[in-house]
Amino acid sequence: PPWSDVDRYALNGANIVYHRARALKYRDVLDSGHWESVLHPRLDADGRFRSVSALGVHHTGPFSFGSYLRQRYLVSRVWGGTQRALVSPARRLAHLALGPVFPALLFARVTSRVLASPRFVGPYVRALPLLVPAWFAYTAGEWIGYLLGPGRALEEVA
């Protein structure tokens, strides 16, 4: 929540249910341990994704903020490392060159969406001290992945 029950492409892999038969068509991706960033584009060719707000998931901790940031870094490093192997050297270089500005782009994108729903401005402003380090963790992980590959990041994801 606050998503409505609609068809959408971007769903969080931690809170998702897949049709077994559709997911098993991509066993190679599942067996590789890659997250939704690799599986979803392939599944999308087979049909739609649907947001169902009644199926919300709540995490219970305890989780430290440092642990959370490390997990974001690791998942992003896997993504960047996966993409590194799939894109041209020129595209990889572009990602490496533009990586340092990515947190600012995230800030601009999220802020523009929040401003479209004024009731979320207060909570967003209060969350910014937590969001900004998370954006930097995502960016650093993806950047290192593009530079050096995934390393052992996938084995370290909790």
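The values are calculated or read from the model by the stated rules, or taken from the named source; none is laboratory data. Worth saying up front: this structure is predicted, and the values here are computed from it rather than measured. Cβ: placed from backbone, ideal geometry, glycine included. Neighbour counts: every protein chain shown. The accessibility values were calculated without ligands, DNA or RNA, using every heavy atom of the protein model including side chains. Shrake-Rupley method; radii C 1.70, N 1.55, O 1.52, S 1.80 Å.
Brief remarks follow.
- Taking trypsin sites (Lys or Arg not before Pro) in DSSP loop states with no more than 10 other Cβ atoms inside 10 Å as exposed sites, the chain has its longest site-free stretch at 49-151.
- The stretch between Arg27 and Val110 holds 26.5 nm of extra length on full extension. This uses 0.36 nm per residue minus the Cα-Cα distance.
- Normalising the average separation of contacting C-alpha pairs (under 8 angstrom, six or more residues apart) by the number of residues puts the relative contact order of the chain at 33 percent.
- Ellipsoid equivalent to the stretch 59-114 - semi-axes via the Cα gyration tensor, in Å: 26, 18, 9
- Counting 0.36 nm for each residue step from Tyr68 to Leu86 and taking away their Cα separation leaves a gain of 3.7 nm.
- Solvent exposure of the chain as accessible area per residue, Å², 1.4 Å probe: 67 Å²
- From the coordinates of this entry, Cα Rg over 2.2 N^0.38 Å is computed, and it appears in (i) 1.12; (ii) 1.06; (iii) 1.26 under the label (i).
- Distant-in-sequence amide H partners of Ile16 (H built 1.01 Å from N, under 5 Å): none
- Note on the chain: helix-only mean residue ellipticity at 222 nm, from DSSP H runs of 4+ residues weighted -39500 (n - 2.57) and normalised by residue number, equals -19500 deg cm²/dmol.
- Kyte-Doolittle at least -0.5, axis length at least 20 Å by Cα - qualifying DSSP helices, the chain: 65-86, 121-148
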